[in-house]
Amino acid sequence: MDKEELERLLADKKSKDLPYTRILSSMCTYPHEVAVHAHEMFIESNIGDSGLFKGTKEMEDEVIAIIGELMGNSNAYGYITTGGTESNIQAIRAIRNSKRREGLCDMNIIVPETAHFSFDKIADILCIEVRKAGVDHQLRVDPESVKELMDERTICMVGIAGTTEFGQVDPIEELSEIAKDERIFLHVDAAFGGFVIPFLADRDKYKFDFTLEGVSSISIDPHKMGMSTIPAGCILFREESYLKELAVSTPYLTTKEQYSLTGTRSGASVAATFAVLKYLGKDGLKKVVDRCMSLTGLMVDGAKQMGIEPVIEPVMNVVTLRVNDVNGVVEALRAKGWEVSTTRSPEALRMVIMPHVTEEMVKSFLEALNEVVR
Ligand code: 0PR
């Protein structure tokens with residue numbers, strides 16, 4: 001195939017992909033232009049053999065320190081993963097390995113029933129039981145339910161800072177107290193919320209990071225609200241010993257140990273994450289969140305004016321609306337060119353107000369919604 005023909009083929013495939021300008025169902029977005037530039041510049045970098053790519057490794061170390069500081073601990077230990085799934089797997093694997101060395105078997109962990117489906121993969125891969133704790137009327141995990149599920153084989157509790165479906169934040173402060181009392185590992189899944197909560201006006205209501213003594217590890221994804229390129233997640237541990245639990249020996253590489261789940265690993269998305277963090281800084285990231293939150297308010301207010309109520313008042317940039325015949329509404333909106341998603345319990349329409357969403361998009365979506373529900 002010559003290049004022109006290949007170009008036509010690629011363009012044809014591209015035309016079948018939806019542009020984000022029609023997508024309200026995704027937690028991904030267009031990467032920031034500085035991320036795209038850095039990604040291209042480091043396209044061949046494999047941080048899986050980091051001695052060959054020392055500049056990339058320096059960027060990863062700095063990114064871990066910057067994100068650690070954002071999470072209340074600039075001395076946290078971790079690495080850039082492929083996303084929230086790998087980060088969650090690695091956190092649970094670290095504590096599982098540590099307890100296995102102590103001789104424990106038939107272990108279990110407790111996650112909120114609102115947890116991301118990556119925890120179902122974890123049950124399968126790590127062969128541990130994943131117990132699901134109930135939530136309150138605001139869809140936050142109920143600490144009493146967590147305590148009831150706990151036994152001598154419970155090795156970890158999980159709290160979610162920004163649930164996938166509702167954008168709700170669990171009472172991590174209470175979980176942290178339980179973690180301290182019971183000496184149990186507490187993992188916080190902030191894959192989505194990690195780059196949102198620190199910039200909210202009412203952030204003090206949602207303590208979730210390493211400033212809480214009981215928090216042992218955090219997942220936070222640059223490829224979601226961090227506007228980096230895919231794949232970019234991040235796992236952070238308070239203590240280095242947990243990162244060491246993940247080590248395998250890599251005798252013939254430039255480094256003697258590796259902690260990551262994957263072998264070959266994208267240095268490009270490390271560079272992209274570095275670029276966004278350096279270029280935007282906290283002020284720039286806050287502006288992104290401010291804008292998303294103001295459009296979230298616009299969408300919820302518009303829906304209320306049509307007599308449609310949100311399931312919860314949005315905590316972050318996720319809008320869930322109570323409508324009759326949710327699936328019918330999704331189909332009708334799709335016919336009008338809008339991609340939205342749904343929640344399971346309670347059933348609702350779900351929209352994520354990512355950085356690619358504009359005021360015009362929200363207004364024209366509300367018009368479409370109004371026509372559909374009428
Ligand atoms: N933890 C939480 C709280 C998440 O919301 C997600 C993904 C993960 C972990 C897993 O992250 P990775 O997908 O990076 O491994 N949340 C979104 C979801 O499952 C991911 C997503 C993004 C899905 C864009 C679809 C989409 O179009 O809904």
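The values are calculated or read from the model by the stated rules, or taken from the named source; none is laboratory data. These numbers come from a predicted model, not from an experiment. Note that we place each Cβ from the backbone using ideal geometry, even for glycine, and neighbour counts take in every protein chain shown.
Among residues of the range 343-367 that are farther than 11 Å from residue 166 by Cα, those with a Cβ under 7 angstrom from a residue that is in a loop (DSSP other than H, G, I, E, B) and of a type in the set (Gly, Ala, Ser), sequence gap 6+ or separate chain, pair up as 354/26.
Quick grid of which residues meet (1) outside the structural domain of residue 43 (by TED's automatic domain parsing); (2) crowded, with 16+ Cβ neighbours inside 10 Å; (3) farther than 25 Å from residue 168 by Cα:
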{"residue": "327", "(1), (2), (3)": "yes, no, no"}
{"residue": "335", "(1), (2), (3)": "yes, no, yes"}
{"residue": "343", "(1), (2), (3)": "yes, yes, no"}
{"residue": "352", "(1), (2), (3)": "yes, yes, no"}
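Checked against the criterion of being part of a loop (DSSP other than H, G, I, E, B), within 16 Å of the ligand (Cβ to nearest atom) and among the polar types (S, T, N, Q), the range 116-131 contains not a single residue that satisfies it.
Condition check: in contact with a Ser or Thr (Cβ under 7 Å, 6 or more places away or on another chain), outside the structural domain of residue 46 (by TED's automatic domain parsing), at pLDDT 95 or above and of a type in the set (A, V, I, L, M). Does residue 311 satisfy that? The answer is yes for residue 311. The residue that is farthest from the chain's Cα centre (by Cα), counting only those in the range 122-160 that are small (Gly, Ala, Ser) and closer than 17 Å to residue 178 by Cα, is 145. Looking at the range 70-115, which of the residues that are part of a loop (DSSP other than H, G, I, E, B) and within 11 Å of the ligand (Cβ to nearest atom) is nearest to the chain's Cα centre (by Cα)? Among those residues, the one meeting the criterion is 83. The listed residues are 226, 167, 159, and the only one of them that is part of a loop (DSSP other than H, G, I, E, B), touching a helix residue (DSSP H, G or I) at 6+ places or on another chain (Cβ under 6 Å) and within 16 Å of the ligand (Cβ to nearest atom) turns out to be 226. For the range 327-352, a residue qualifies if it is over 16 Å from residue 29 (Cα atoms), modelled with pLDDT of 95 or more and among the small types (Gly, Ala, Ser), and the qualifying residues are 328, 332, 335, 337, 348. Is it the case that residue 104 is surrounded by fewer than 24 Cβ atoms within 10 Å (Cβ to Cβ), hydrophobic (A, V, I, L, M, F, W, C) and farther than 29 Å from residue 247 by Cβ? For residue 104, the condition - surrounded by fewer than 24 Cβ atoms within 10 Å (Cβ to Cβ), hydrophobic (A, V, I, L, M, F, W, C) and farther than 29 Å from residue 247 by Cβ - is not met. Whether any residue in the range 44-57 is within 19 Å of residue 227 (Cβ to Cβ), more than 13 Å from the ligand (Cβ to nearest atom) and modelled with pLDDT of 95 or more is what I want to check. There is no residue in the range 44-57 that is within 19 Å of residue 227 (Cβ to Cβ), more than 13 Å from the ligand (Cβ to nearest atom) and modelled with pLDDT of 95 or more.
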